[in-house]
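The values are calculated or read from the model by the stated rules, or taken from the named source; none is laboratory data. Not measured: the values here are computed from a predicted model. Neighbour counts are summed over all protein chains in view; Cβ atoms, including those assigned to glycine, are modelled from backbone coordinates with ideal geometry. Only protein heavy atoms, including side chains, enter the accessible area calculation; ligands, DNA and RNA are left aside. Shrake-Rupley method; radii C 1.70, N 1.55, O 1.52, S 1.80 Å.
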Amino acid sequence: MVLVQLTAALLAFSGIAGLYMVLSGDGHYFDVGRFLTQTSPYSWGFIGIGLCTGLSVIGAAWGIYITGTSILGAGVRASRITTKNLISIIFCEVVGIYGLIMSIVFTSKLSAVSGPELYSKSNFFTGYSLFWGGLTVGLCNLACGVAVGVSGSSAALADALDPSLFVKILIIEIFGSILGLFGLIIGLLVTSKAADFS
Amino acid sequence: MSLSEYCTPYAAFFGFAGVAASMIFSSIGAAYGTAKAGIGIAGVGQFDPTLIMKSLIPVVMSGIIAVYGLVMAVLISGDMSPAENYSLYNGFIHLAAGSCVGLTGLAAGYTIGVIGDAGVRAFLEQQRIFVSMVLILIFAEVLGLYGLIVGLILNTKTTAEC
């Protein structure tokens with residue numbers, strides 16, 4: 001529901017901006033290509049690096065609080081589950097670490113370039129690859145964190161009833177955590193061919 | 001038709017958007033499928049632990065949806081490099097292919113999650129319903145496969161000329 005409202009707001013804003021430009025005689029400024037080639041490649045790169053860590057950590061945090069509340073709640077009556085179920089919390093934490101590592105790897109491509117040589121084809125490629133690579137890692141880790149969190153929550157509740165169930169429900173968590181790994185792989189692939197800023 | 005004026009430097013933006021769309025949306029679908037089916041499986045396991053292994057099928061199928069997205073993302077990013085010619089044509093093809101796989105994967109993963117949850121709960125009550133559950137799950141999985149097929153066909157149409 002929020003997503004629908006956000007998309008509608010975005011479309012309305014760009015529609016109004018476009019109409020204003022057309023009606024005031026500057027319609028040629030509404031130009032996606034001009035926008036993409038006149039914004040600094042650094043802006044794309046840095047936003048990607050920031051989103052990489054930020055969104056991954058949001059996923060990790062979301063997963064941790066979903067799992068943690070269930071562990072704490074079930075642990076009141078079945079206190080034996082509290083140590084073993086920390087594995088689920090660790091699975092969620094690892095998702096945040098993926099984002100951290102990828103951001104550090106991405107920052108190795110950054111180097112200072114001043115003047116108009118910044119706007120070269122190779123630098124655009126690097127900027128766009130950092131943006132989309134970072135966004136991919138971040139959003140995949142977000143989805144992964146939530147999935148692992150929900151699975152960990154149900155694992156904790158099953159464990160509280162019957163200790164032998166924990167390992168079997170852990171399999172579901174493992175399937176959930178591969179999503180973060182896939183995001184990591186694609187982030188690495190996408191930025192591997194990009195040269196440093198020069 | 002000459003593509004020389006369309007080998008713009010910003011074409012890579014759309015190509016990478018395709019990679020991202022492919023991986024992100026299929027991950028969201030797979031995450032929903034894993035989590036939703038996982039809730040049902042954990043519930044089923046509390047009543048009859050011997051059924052858990054067979055009930056893991058929806059979770060595996062959600063993983064396969066994520067793999068579809070991974071495959072397309074790897075294929076698209078393999079075609080892109082800063083040295084070779086990359087036209088807007090290629091960029092939009094990759095965006096289309098990635099969106100195809102991603103959005104169908106999102107739909108398929110969501111469906112697998114809902115069917116998996118309801119299916120394993122029914123499987124707990126009536127063991128013979130297992131075959132129906134698997135059949136419906138296969139139909140849901142095949143939705144993601146349709147997207148992969150169209151994405152692969154689109155991906156073959158890229159051109160190296162500029």
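One line per residue, one yes/no per condition, for (1) modelled with pLDDT under 95; (2) touching an Asp or Glu at 6+ places or on another chain (Cβ under 7 Å); (3) facing chain B (nearest Cβ under 7 Å):
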| position | (1), (2), (3) |
| --- | --- |
| A:G145 | no, no, no |
| A:G149 | no, no, no |
| A:A155 | no, yes, yes |
| A:S164 | yes, no, yes |
| A:K168 | yes, no, yes |
| A:D196 | yes, no, no |
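Kindly indicate whether B:G18 is more than 7 Å from chain A (Cβ to nearest Cβ) and open to solvent by less than 10 Å² (accessible area, probe 1.4 Å).
Answer is yes for this residue.
Among the residues of segment A:106-147, count how many are under 19 Å from A:L188 (Cα atoms) and not hydroxyl-bearing (S, T, Y).
21
What number goes with the only condition from (1) touching a residue at least 24 places away in the same chain (Cβ under 8 Å); (2) in a helix (DSSP H, G or I); (3) open to solvent by 10 Å² or more (accessible area, probe 1.4 Å) that A:A78 does not pass?
Failed condition: (2).
With B:I136, B:I112 as the choices, which residue is in a helix (DSSP H, G or I), farther than 18 Å from B:A20 by Cβ, in contact with an Asp or Glu (Cβ under 9 Å, 6 or more places away or on another chain) and β-branched (V, I, T)?
On the way: B:I136 fails: in contact with an Asp or Glu (Cβ under 9 Å, 6 or more places away or on another chain).
Among B:I136, B:I112, only B:I112 is in a helix (DSSP H, G or I), farther than 18 Å from B:A20 by Cβ, in contact with an Asp or Glu (Cβ under 9 Å, 6 or more places away or on another chain) and β-branched (V, I, T).
Please work out if A:T136 is assigned to a helix (DSSP H, G or I), open to solvent by less than 30 Å² (accessible area, probe 1.4 Å) and in contact with a Lys or Arg (Cβ under 7 Å, 6 or more places away or on another chain).
Taking the combined requirement at face value, the residue does not satisfy it.
Is there a residue in segment B:47-55 that is at the interface with chain A (Cβ under 7 Å from one of its Cβ atoms), of a type in the set (A, V, I, L, M) and touching a helix residue (DSSP H, G or I) at 6+ places or on another chain (Cβ under 9 Å)? Can you show your working first?
We begin by selecting, within segment B:47-55, every residue at the interface with chain A (Cβ under 7 Å from one of its Cβ atoms); these are B:49, B:52.
Within this subset, residues satisfying the condition of being of a type in the set (A, V, I, L, M) are B:52.
In the following step, the residues that additionally are touching a helix residue (DSSP H, G or I) at 6+ places or on another chain (Cβ under 9 Å) were identified as B:52.
For segment B:47-55, residues at the interface with chain A (Cβ under 7 Å from one of its Cβ atoms), of a type in the set (A, V, I, L, M) and touching a helix residue (DSSP H, G or I) at 6+ places or on another chain (Cβ under 9 Å): present.
Taking segment A:170-194, which residues are facing chain B (nearest Cβ under 7 Å) and more than 19 Å from the chain's Cα centre (by Cα)?
The answer is A:I171, A:I172, A:K193, A:A194.
Only one of these conditions is not met by A:A112: (1) open to solvent by 20 Å² or more (accessible area, probe 1.4 Å); (2) more than 27 Å from B:G15 (Cα to Cα). Which number is it?
Of everything listed in (1) open to solvent by 20 Å² or more (accessible area, probe 1.4 Å); (2) more than 27 Å from B:G15 (Cα to Cα), A:A112 misses just condition (2).
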